[in-house]
1. Touching a residue at least 12 places away in the same chain (Cβ under 8 Å), under 13 Å from the mean Cα position of the chain (by Cα) and surrounded by 22 or more Cβ atoms within 10 Å (Cβ to Cβ), is that true of Thr212?
2. Based on what the data block shows, is Glu138 part of a helix (DSSP H, G or I) and open to solvent by 30 Å² or more (accessible area, probe 1.4 Å)?
3. Here is a list: Arg155, Arg140. Which entry is among the basic types (Lys, Arg) and free of Cβ contacts under 8 Å to residues at least 40 places away in the same chain?
4. Kindly provide the set of residues from the range 71-90 that are modelled with pLDDT of 90 or more and out of contact with any Ser or Thr (no Cβ under 6 Å at 6 or more places or on another chain), ordered by number.
5. Checking Thr43 against (1) in contact (Cβ under 8 Å) with a residue 12 or more places away in the chain; (2) in contact with a helix residue (DSSP H, G or I) (Cβ under 7 Å, 6 or more places away or on another chain), which test does it fail?
6. Any residue in the range 160-168 that is touching a Cys at 6+ places or on another chain (Cβ under 6 Å), open to solvent by 20 Å² or more (accessible area, probe 1.4 Å) and without any contact (Cβ under 8 Å) to a residue 60 or more places away in the chain?
7. Only residues that are open to solvent by 40 Å² or more (accessible area, probe 1.4 Å), at pLDDT 55 or above and in a loop (DSSP other than H, G, I, E, B): list them for the range 216-251, please.
8. Which residues, taken from the range 36-53, are open to solvent by 60 Å² or more (accessible area, probe 1.4 Å) and modelled with pLDDT of 90 or more?
Amino acid sequence: MKNAAGVSGHQPAPVPAAGQSAASDLSTRDRVTQLLLERGATTAAQLGDALGLSPAAIRRHLDAMLAEGDVVAREQAVRGHRGRGRPAKVFLLTDEARVRCGTHHYDNMATAALRWIASNGGSEAVEAFAADQVAALEARCRAAMEDAGDDPLARAEALAGALTAEGYAANASTIASGGQLCQHHCPVAHVAAEFPQLCEAETAVISRLVGTHVQRLATIAHGDGVCTTHIPAQPGRVQSGKTVTTVRTDR
């Protein structure tokens, strides 16, 4: 009997050591974390497809991450007519998980500094500070986009590449009503939650760089999974940095 395996030509599958299994789980969860950081709110099915995991396997990892406080689950927002049945659940990284990804630095000091500025100089001083902070980013992105041409959607695509190089994990896409620029990472999300002037200054930069009026539909600072900026299909040309509209579609 002890030679049966050799006669049949089949060897029993090796059982991974406990340490190997744990390391594999951590590696997979790192990949899940990276996908959620890049994509924002994502369903279990979408995560499983991207990682090549079965529904049971991705659920096991998500359940563990939920238990550890790394992700939260919400019902998927459905705009327009909703069919029968409950909406699918989407998963997002928690603030604590984003911090561990290195997405927030010196938040407490930055918030305290902006509170001091607001207290001593008022809202206009905060706006001026925010504009000054994004000026260098605008200059770098403009330089990276110099060959993008004049078409706003082409410029949005070039801007997405420039922002990704700056660490914003951005992408651009064409939709029925124009274009959409998504930023999956915000380095100042916690501070911007209290001081929306930072988001408004960034939106003004996007508007100037793509060369048209834009609409901010969602921001990570307000609890959305992704910062989403809509670029209308046939807009007018930007006349100044004040041509910014913020529209909330998820409230």
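The values are calculated or read from the model by the stated rules, or taken from the named source; none is laboratory data. Quick caveat: nothing in here was measured; it's all calculated off a predicted structure. Ideal geometry is used to build each Cβ from the backbone, glycine not excepted, and the neighbour counts take in all protein chains shown. Just so you know, the surface numbers come from the protein's heavy atoms only, side chains and all, with ligands and any DNA or RNA stripped out. Shrake-Rupley method; radii C 1.70, N 1.55, O 1.52, S 1.80 Å.
1. On the way: touching a residue at least 12 places away in the same chain (Cβ under 8 Å): yes; under 13 Å from the mean Cα position of the chain (by Cα): no; surrounded by 22 or more Cβ atoms within 10 Å (Cβ to Cβ): yes.
Taking the combined requirement at face value, the residue does not satisfy it.
2. Spelling it out, it is not the case that Glu138 is part of a helix (DSSP H, G or I) and open to solvent by 30 Å² or more (accessible area, probe 1.4 Å).
3. On the way: Arg155 fails: free of Cβ contacts under 8 Å to residues at least 40 places away in the same chain.
Of Arg155, Arg140, the one residue that is among the basic types (Lys, Arg) and free of Cβ contacts under 8 Å to residues at least 40 places away in the same chain is Arg140.
4. Taking the range 71-90 and keeping what is modelled with pLDDT of 90 or more, we get 71-73, 90.
Within the range 71-90, Val71, Ala73 meet the criteria.
5. Against the list (1) in contact (Cβ under 8 Å) with a residue 12 or more places away in the chain; (2) in contact with a helix residue (DSSP H, G or I) (Cβ under 7 Å, 6 or more places away or on another chain), Thr43 comes up short only on (2).
6. Taking the range 160-168 first, the residues touching a Cys at 6+ places or on another chain (Cβ under 6 Å) are 162.
Restricting the remaining residues to those that are open to solvent by 20 Å² or more (accessible area, probe 1.4 Å) gives none.
No, that holds for no residue.
7. Matches in the range 216-251: Ala233, Gln234.
8. To start, the set of residues in the range 36-53 that are open to solvent by 60 Å² or more (accessible area, probe 1.4 Å) comprises 38-39, 45-46, 49, 52.
Listed by number, the residues that qualify are Ala45, Gln46, Asp49, Gly52.
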